[in-house]
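Derivation of every value follows stated rules applied to the coordinates shown; laboratory data play no part. For clarity, every value in this text was computed on a predicted model and none was experimentally measured. Because the Cβ atoms are built from the backbone with ideal geometry, glycine has one as well, and the counts that use them run over all protein chains shown.
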Amino acid sequence: MDKRELLSAEHVYKYFDGTPILQDINLKIKSGEVVVIIGPSGCGKSTLLRCLNGLEKIAEGKIELDGDMVDPASKEICRLRERIGMVFQSYELFPHKTILDNITLAPIKVQKRKRTEAEEEALKLLERIGLSAHKDKRPSQLSGGQKQRVAIARALIMHPELLLLDEITAALDPEMVREVLEVVLDLAKEGRTMLIVTHEMAFARAVADRIIFMDEGRIIEEGTPERIFEAPETERLQRFLDNMSF
Ligand code: ADP
């Protein structure tokens, strides 16, 4: 059976100070699909993710999550954004709150869930990512890899329909990259719908159902990991892959 289409972007354009940043982006993600975006720095990957969850306004085009319009100007945008989890390179944890409080804050404040229920789920998530022993610590007491796993747990507790991961290992020391990517691989195995921006090509290949290559604000190629890595169709993708060390 064909899976349901969860996210759709049609003819999306975005400009910063008159400069085109995204040009005619067309993208569809089905429920359960893992899509990875690769491309050189500055090509618009991060901006695209921010447009997809309504953090940035688009100039033209249409973005929908399960049929609902993603529009930063709409009154519904906060509720819609709750359905999309986003994890950033820079963790964005609250420094003065404990790890447990960092995870339970949004479900309690935003989703109005009971503290006991939110804490119970947070503890299960912490166990899953191997950080139960750190629940009462502050973010500054954790390594980068641990902080990023907490940021993933904080996104998961909101039960998002879609997870957007924006270069979540880019700030980590190499030895911490694996522990974070293993959590993401695990999420892919359980059928989470994810859109991932990464420079980790071996990981992209392992986790993706489909890979999108962007350059200068456009989607240049997309296909299965095998097709993208073994038979690039454009010189631009070939050059990009040649420059990546993996
Ligand atoms: P990537 O994620 O692929 O590295 P970005 O989406 O971060 O690329 O950036 C794409 C382009 O948009 C870059 O040229 C960047 O300088 C520019 N840009 C990003 N954010 C802003 C902003 N808030 N104002 C102006 N220009 C921006």
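If the condition is being among the aliphatic types (A, V, I, L, M) and within 13 Å of LEU241 (Cα to Cα), then segment 201-210 contributes MET201, ALA202, ALA204. Does ARG115 satisfy the condition of being free of Cβ contacts under 8 Å to residues at least 24 places away in the same chain and out of contact with any strand residue (DSSP E or B) (no Cβ under 9 Å at 6 or more places or on another chain)? It is true that ARG115 is free of Cβ contacts under 8 Å to residues at least 24 places away in the same chain and out of contact with any strand residue (DSSP E or B) (no Cβ under 9 Å at 6 or more places or on another chain). In segment 104-126 there is no residue matching the filter, namely being crowded, with 19+ Cβ neighbours inside 10 Å, more than 21 Å from THR19 (Cα to Cα), within 16 Å of the ligand (Cβ to nearest atom) and not aromatic (Phe, Trp, Tyr). Kindly establish whether ARG83 is surrounded by fewer than 19 Cβ atoms within 10 Å (Cβ to Cβ) and touching a residue at least 60 places away in the same chain (Cβ under 8 Å). Against the criterion (surrounded by fewer than 19 Cβ atoms within 10 Å (Cβ to Cβ) and touching a residue at least 60 places away in the same chain (Cβ under 8 Å)), ARG83 qualifies. If the condition is being away from the ligand (no atom under 12 Å from the Cβ) and surrounded by fewer than 14 Cβ atoms within 10 Å (Cβ to Cβ), then segment 3-26 contributes LYS3, ARG4, HIS11, ASN26.
Here GLU33 meets each of (1) away from the ligand (no atom under 16 Å from the Cβ); (2) of a type in the set (Asp, Glu); (3) over 30 Å from GLN141 (Cα atoms); (4) free of Cβ contacts under 8 Å to residues at least 40 places away in the same chain with one exception, condition (4). Quick check on ILE29: is it surrounded by 22 or more Cβ atoms within 10 Å (Cβ to Cβ) and either out of contact with any His (no Cβ under 6 Å at 6 or more places or on another chain) or β-branched (Val, Ile, Thr) (or both)? The answer is yes for ILE29. Looking only at residues in segment 36-47 that are over 18 Å from ARG227 (Cα atoms), touching a residue at least 24 places away in the same chain (Cβ under 8 Å) and not hydroxyl-bearing (Ser, Thr, Tyr), the one that is farthest from the ligand (Cβ to nearest atom) is PRO40. Meeting the requirement of 3 or more residues that are out of contact with any Cys (no Cβ under 8 Å at 6 or more places or on another chain) and either hydroxyl-bearing (Ser, Thr, Tyr) or closer than 19 Å to VAL87 by Cα (or both), the strands (runs of 3 or more DSSP E) wholly within segment 1-69 are 5-16, 34-38. Here ILE129 clears all of (1) within 21 Å of ARG81 (Cα to Cα); (2) of a type in the set (A, V, I, L, M); (3) touching a residue at least 40 places away in the same chain (Cβ under 8 Å) except the condition numbered (1).
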